[in-house]
Amino acid sequence: MVYCKKCGKYNSKGNFCKYCGSKLTKKSFLNYKSIILIIILMIAVFFITLYFLKYSFLKSESNKTIENNEISYNYFFPKNKNLCGNGICESNEDCSSCPNDCCAYKSEPYCGNGICEKNEIGVCYEDCEWCGNGYCEKSESCSSCSKDCGFCSSEAYCGDGICNSGECKTCSKDCKISQCIDGFCNSELGENCRTSPTDCPCFRGQFCDLNGKCLGYCGNGICESNEDCSCPDCTCESLKKCVNKICRTYCGNGVCENNENKSSCLLDCGEESFKGEDVDPNTNFPIIFVHGHSALNDYVSIYSLNAFKEFQSELEKESLYKDMGTILPNSDESAFLKGEWGRYGKPVSVRTTYYIGILDTSGNFIKTDENQRAINEYSDRLKKVVNIVLHHTGKNKVIIIAHSMGGLVARAYIKNYNATDKVDKLIMIGTPNHGIYGWLGYFCRYSYTGQECEDMQYNSNFITSLNKANENYSKYFTIAGNCSYDSDGFEDDEVVRVESVRLNKSTNVAVKCQPISGLDAAHSYLISPSRELEAYNYVKKFLKF
C-alpha cells in the first residue's frame, strides 16, 4: 500500500494518487513510535539477561559449596537429605563439621573457619598445615617435609606422580578422589578398612583391627572363639566331618564318641539305647530360619547363613529349641537316621540359605554369585531343606521363620509345591508381601541385575501371581517394623513399608523399631533380639499359637 500525504488515502500501487493526483510516498515502518518501542524492548532484554547470568553464577557457586561439604549424602537413601550447605544448622552439625550453616553469624575463632589460629597448629587439620600432620600438603614436598611426603631417594614418595600404596588418605598430589573413593576396595593402593573405610567397610558384626583387617565374621580365614566347624574357617581334621557344629569322628573307628549312639552308629556303640525311642510326628515341630535378600556378593552365602544366628542362640538359651546349626539344600540326608533329631526331648531349629549351590570335597563353601536367580528357583532349594529336616526329625511339619525376601521364598515354596500340609506356621519379619516401592525398587533393580530384584517389584508378575494364590493365611503371621517414613509418606522400617508386610486374614503386628543412621537400616536389625526385643517376643508368642 502507498500512502498519499495530501488527501490521506492509501493506493494499492502507482506513483500518483488516483484520488487527488499528488505524488505518492511509501509509509515508513520505522516511525518515531516504533523506534521508541524497539529501544524499550532492547533495554528490557538487557536487564533480563543480566539477571539470569547472575542467578546461574550464584547457583553454580551454591552447588560447589554443597559438593565440597556434603560427602556422605547418598542418593539411594532419601532420608539423609539434611545435608551440609542447605542453610540450616541441623542437630547433627556444628561449627567444625558444617561452618556454612552453623557459623555464619559467629565471630569467634573456630576450627573450620579457614583461618589458622595460633592455638590450632597441631590440632586443627582443616585450617592449619604443618610438617608432621600425616598429610603431604601442597606447600610440602619430599625435600621440605620427609615426615609427610617420604624421602625423595626412596622408590615411592608423595609427589612422584604415582598413587602408591597407602597414599589414598595422605597424598592428594598423587591420588585423586575418584581413585580412592570409587566404591571399590583396591588393595593395590593400600586400601583397607582403616586407610579407606568408605571403600572397604566392615560388615555388621565386624570390627577393623590395627592391620586393617575385618575380623569377627565367618569367612575371614580366622577361626574365632565364637565360631565352630559349621564355619569354613574352622575345618575338621582328616577322618572327621562337621555335623551339628561338632567335628564328628567317623562311625566304625571302634570308639563310641559322645555324639554317637546305637541308632547313629551300632558298630561302635553296640546295645546302647536312646531315651525316648518313639517319635511323635505331630508335636514339637522343628524351626527352619530363612534369611532375606543379600547385596553382599563376596560373602553372600556365609553372611546369609549367619543372619539368624543370634535369634537361634536366644531360643536355645531359653531352652525352647535345640540349636542344630545349619542345613544346606545339598546336605546329605543319610547323615542321620530317620527321626534321630526327634529324640532330643525338645524341638530343634536350623538355619539355611537358598544361595548355597555346591560344597567342595572338604565340606567348605564355594563362593558363587548366587543372588542373581528367580525366587521360584530359591523355593525349590527350600523344598529340599524342608524334606531333609522332616527326615532328620521324623516330624510331619516344620515351622518357617523368615526375614524380608525369605518370606516370599517360603510362600512361593508353599504355593508351587502345594506344601500346606508340611508347614505348621509361617512367621514373616519385614517381608514385602506386596512388593518393594520407591528408591528401594530402583536401587535393587539397577544395582543388581538378578531376577530376584525384578520379582520383588510391587507390580511384578511374581508378586501379582503370588497374591492371587489360594493360600491358608490363618497359618501366616507377619511382623512389620515402624520407625520412619519413606519419600512418599508411608510408614516403614527404613526399607519395607508396613502396609506391604501385612496380609489379609493373617495375624499382623507392627513393632516400634529403632531408626539407624548411615547406610545401614533398621530393617536388618528386626531379627536381632538384642536390639529389637519386641519382635523377638512376638515370634515366641506366635510359636505357641
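Ordered by the number of other Cβ atoms lying within 10 Å of each residue's own Cβ, fewest first, 408, 390 fall into the sequence 390, 408.
Taking other C-beta atoms within 10 angstrom as a stand-in for reagent exposure, 405, 456 fall in the order 456, 405, fewest first. Stretching residue 319 away from residue 474 to a fully extended chain increases their span by 53.1 nm, per 0.36 nm per residue minus the current alpha-carbon distance. The alpha carbon convex hull volume per residue for the range 278-543 rounds to 120 Å³.
Quick one: which of 346/512; 317/338; 309/425 span more than 28 angstrom between C-alpha atoms? From the list (346/512; 317/338; 309/425), the Cα-Cα distance tops 28 Å for 346/512.
Look at 404, 500 and count the other Cβ atoms within 10 Å of each Cβ; fewest to most, that gives 500, 404.
Taken together, the values in this text are just the output of simple stated rules run on the coordinates, not laboratory data. Since the model is a prediction, treat every value here as computed from it, not as a measurement. Heads up, the Cβs are rebuilt from the backbone with ideal geometry, glycines too, and the neighbour counts pull from every protein chain shown.
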